[in-house]
1. Provide, for q = 0.14, 0.19 Å⁻¹, the log10 of I(q)/I(0) from a solvent-free Debye sum over equal Cα point scatterers in region 1-119.
2. Of the listed peptides 150-156, 201-207, what is their order by residue-averaged count of other C-beta atoms within 10 Å, with the highest listed first?
3. Find out how many positive minus negative residues lie around residue 147, taking Lys and Arg as positive, Asp and Glu as negative, among other residues whose Cβ is under 12 Å from that of residue 147.
4. How large is the charge dipole for region 20-89, taken about the Cα centre, if only the Cβ atoms of Lys, Arg (+1) and Asp, Glu (-1) carry charge, to the nearest 20 debye?
5. Run the dipole for the chain about the Cα centre, Lys and Arg Cβ at +1, Asp and Glu Cβ at -1, nothing else charged, and hand back the magnitude in debye, nearest 20.
6. Using only the alpha-carbon atoms, how far is helix 132-145 inclined from the longest principal axis of the chain? Give it as 0 to 90 degrees, nearest 10.
7. Where does each of 161, 100 land when they are ranked from fewest to most other beta-carbon atoms within 10 angstrom?
8. Which ³J(HN,Hα) values in Hz, rounded to whole numbers, follow from the phi angles of region 249-266 under the Karplus curve 6.51 cos²θ - 1.76 cosθ + 1.60, where θ = phi - 60° and Gly and Pro get x?
Amino acid sequence: MIIRAGFEASFTFAEPTAVLMMMYVHPSRTHTLRSTEQLIVNPMVPIFDYTDTYGNHCGRTVVPAGQVRFRGDAVVHDDGLPDAQVWDAFQHPIQDLPSEVLLFLLGSRYCEVDSELRDTAWALFGKLPAGWPLVQAVCDFVHRHIRFDYSQARANRTALEAYRERVGVCRDYMHLAIAFCRCLNVPARYCTGYLGDIGVPPVPSPMDFSAWFEVFLGGHWYVFDARNNTPRIGRILMARGRDAADVALTTTFGVNQLQLFQVWTDQVSA
């Protein structure tokens with residue numbers, strides 16, 4: 001299956017501004033690119049690539065004052081298979097986890113683990129079988145508990161607030177599920193990328209970047225999605241981190257205003 005995925009975002013900057021960009025397909029997916037990935041900044045400015053703490057492909061630049069347009073486009077081969085379902089994937093005792101995984105048991109900006117969520121998690125899920133069934137139970141609960149509503153989106157909503165308010169967008173579903181998993185001693189990390197309406201009925205709302213999360217079970221990282229809560233095809237990973245704070249499309253160091261934002265993710269012929 002061939003997927004064309006990309007975005008366009010336009011900002012107005014008050015003055016020349018440093019910008020960090022996380023606009024590329026993740027390095028783990030670069031071998032599936034069918035053509036050179038295009039990232040264009042207009043007006044043209046030099047982009048300096050780097051790899052962040054979590055292995056994401058990032059860029060940095062300084063843009064001039066005025067309107068600046070960012071556009072990315074990629075053609076990607078996908079195996080067309082739905083998210084893996086491995087019901088016998090086991091939960092590691094903490095002492096057996098690889099050291100590099102331990103970070104994803106700790107609290108982060110949007111995923112509080114030293115809060116009432118810990119007691120709530122153990123009250124809701126503490127008697128369930130560990131491993132895959134436990135994580136799926138978390139997803140089932142979060143999927144039912146939160147009502148999806150774009151009009152209620154808020155950039156600073158935390159997992160605890162999502163639990164209390166019971167409304168949000170895909171990032172809020174994932175933050176709450178991640179926080180619950182970490183409270184239950186399951187390493188969990190946040191993911192962002194492209195997920196179009198491929199293999200499912202199209203949704204009338206505008207396309208956006210999607211969020212999902214991964215948990216470490218049985219020696220591997222596996223995808224879970226508390227918002228859709230069903231295996232999907234055509235995910236294209238862009239970045240991973242502790243939560244949404246680590247995977248922002250742009251991080252700007254000056255005053256700016258978003259003027260235009262659109263995302264496309266479409267299956268195309270070979």
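Just so it is clear, none of the values below were taken in a lab; they were calculated from the coordinates. Please read these numbers as outputs of a predicted model, since none were measured by experiment. Cβ: placed from backbone, ideal geometry, glycine included. Neighbour counts: every protein chain shown.
1. Debye output, listed in q order: -0.89, -1.11.
2. Averaged packing, sorted descending, gives the order 150-156, 201-207.
3. Spelling it out: positives minus negatives among the neighbours equals 0.
4. Numbers: 5 positive and 8 negative charges, 92 e Å.
In total the dipole reaches around 440 debye.
5. Numbers: 23 positive and 28 negative charges, 55 e Å.
So the magnitude is around 260 debye.
6. 70
7. 100, 161
8. Along region 249-266, the couplings run 4, 9, 10, 10, 10, x, 6, 7, 9, 6, 10, 8, 8, 8, 9, 10, 8, 10 Hz.
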